[in-house]
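Chemist: Just dropping this structure here.
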Amino acid sequence: MSPLVLSTLVSSLALGTMITASSHHWLLAWMGLEINTLAIIPLMAKMHHPRAIEATTKYFITQAAASAVILFSSITNAWTTGEWDIMNLTSDLSTTTLLMAILMKLGVAPFHFWLPEVLQGIDLTTGLILSTWQKLAPMILLIQVSHNLNPQLLFTAGIISTVVGGWGGLNQTQLRKIMAYSSIAHLGWMMAALTISPELATLNLIIYITMTTAMFLSLKTLSSTKISTLSSSWQKTPTLAAMSTFTLLSMGGLPPLTGVMPKWLILQEMTKQSATILATMMALSALLSLFFYIRLTYTMTLTTHPNTAPSTQLWRFSTAQPKLLLTTSTMASIALLPSTPLLISIML
């Protein structure tokens, strides 16, 4: 892909998200979502491989269906209220259909079936964009209208997502599918937080993007797409393997790492709202995700790759990709827990 085409597509991705984030009119927000979808499709199909074409087709059909439902929801609300304002969402039909469409765009269970298959068919860089940047615009819309949404539906989607995200990743051997189920589980925590505090959901989204960015960049540096190829990572780059281990444990929510912060705050708020049973169910479902994170850390650090050479150090060329973003996101994924009071005072 030529640099001019690539820069145009990346600029369109940024433009679509900014249009959706800054709009107060439903048609403008819908237009931003469409620009986002159309900009990433050439990036997904650039590999010219049958799996990539299949993943691109699945993604396009799913996103087009969700966009059509969002348009239907906004037209229905405008017909009922006489306004196109995003904040003025009062019709029950519009609220329910909008929530279902955004859940489909995000890949939240029970509308999650497309996400593992699509991520498996594309490369790691495009998978990183799909798992992080493409979540921003739908989440911004969801946070804006969260006070009008049905809390029972959000709680149900959140609990189902955390269970499905943990259960689905248990028997996977492909790292991209594991990251997809990890994304589903984290989105479940965000849905549960939306019913209590949109600011807490925003904090969870920021930390999720940070940890996912660090993990995808680590996998790209290690050139790993399967669990079996992770066993040689310690011989290649011991420092990166150790940092990736901490990042995985942080995604699982182990203290004293950054990932425990949003889960801790969400469970605390749910307990304050007398939702103790729901908080217990979500905490137990997080153990499912923690199992396959620990499985990955075991493969990276405690499994030795078969090596017939007399030297244990593998010869390899140094990577040409920039390391600043990888270093920054990895450190933020590990060491932000002490700044919890500061983040709470800023966000909440």
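Chemist: Testing PHE60 on (1) open to solvent by 70 Å² or more (accessible area, probe 1.4 Å); (2) modelled with pLDDT under 95; (3) of a type in the set (Phe, Trp, Tyr), one condition comes back false. Which one is that?
Modeler: (2)
Chemist: If the Cβ limit is 9 Å and pairs must be 6+ apart or interchain, which residue in region 69-98 that is open to solvent by less than 40 Å² (accessible area, probe 1.4 Å) pairs with which residue that is of a type in the set (Lys, Arg)?
Modeler: ILE70/LYS105
Chemist: Follow-up question, since we're still on this one. Spot the failing condition for ILE209; the list is (1) within 20 Å of PHE291 (Cβ to Cβ); (2) modelled with pLDDT of 95 or more; (3) out of contact with any helix residue (DSSP H, G or I) (no Cβ under 6 Å at 6 or more places or on another chain), and only one is missed.
Modeler: (1)
Chemist: Okay, next question. Which one of the conditions (1) touching a residue at least 40 places away in the same chain (Cβ under 8 Å); (2) over 23 Å from THR195 (Cβ atoms); (3) within 15 Å of the chain's Cα centre (by Cα); (4) open to solvent by 10 Å² or more (accessible area, probe 1.4 Å) does PHE113 fail to meet, given that it meets all the rest?
Modeler: (1)
Chemist: Here are LEU170, LEU153, LEU106, LEU142: which of them is in contact (Cβ under 8 Å) with a residue 24 or more places away in the chain, surrounded by fewer than 22 Cβ atoms within 10 Å (Cβ to Cβ) and closer than 29 Å to THR90 by Cα?
Modeler: Only one candidate passes the filter, namely LEU153.
Chemist: Which ones in region 232-247 are surrounded by fewer than 20 Cβ atoms within 10 Å (Cβ to Cβ) and among the hydroxyl-bearing types (Ser, Thr, Tyr)?
Modeler: Matches in region 232-247: THR237, THR239.
Chemist: Taking region 248-274, which residues are open to solvent by less than 20 Å² (accessible area, probe 1.4 Å), within 17 Å of GLY158 (Cα to Cα) and either modelled with pLDDT under 90 or not in a helix (DSSP H, G or I) (or both)?
Modeler: Correct list: GLY253 only.
Chemist: Which is within 23 Å of VAL118 (Cβ to Cβ) and open to solvent by 10 Å² or more (accessible area, probe 1.4 Å), of ILE160, ILE206? Steps first, please.
Modeler: Details: ILE206 fails: within 23 Å of VAL118 (Cβ to Cβ).
Unique residue meeting the criteria: ILE160.
Chemist: Turning to a different aspect of this structure: Please tell me if LEU296 is touching a residue at least 24 places away in the same chain (Cβ under 8 Å), more than 20 Å from the chain's Cα centre (by Cα) and open to solvent by less than 20 Å² (accessible area, probe 1.4 Å).
Modeler: no
Chemist: Still on this structure: Being under 14 Å from the mean Cα position of the chain (by Cα) and either within 19 Å of MET104 (Cβ to Cβ) or not assigned by the TED database to the domain that holds THR212 (or both) is the filter here; which residues of region 159-176 pass it?
Modeler: SER161, THR162, GLY165
The values are calculated or read from the model by the stated rules, or taken from the named source; none is laboratory data. Everything numeric here is computed off the predicted structure, so don't read it as measured data. Glycine gets a Cβ as well: all are built from the backbone with ideal geometry, and neighbour counts include every protein chain shown. Please note that ligands, DNA and RNA were not included when accessible areas were found on the heavy atoms of the full protein model with its side chains. Shrake-Rupley method; radii C 1.70, N 1.55, O 1.52, S 1.80 Å.
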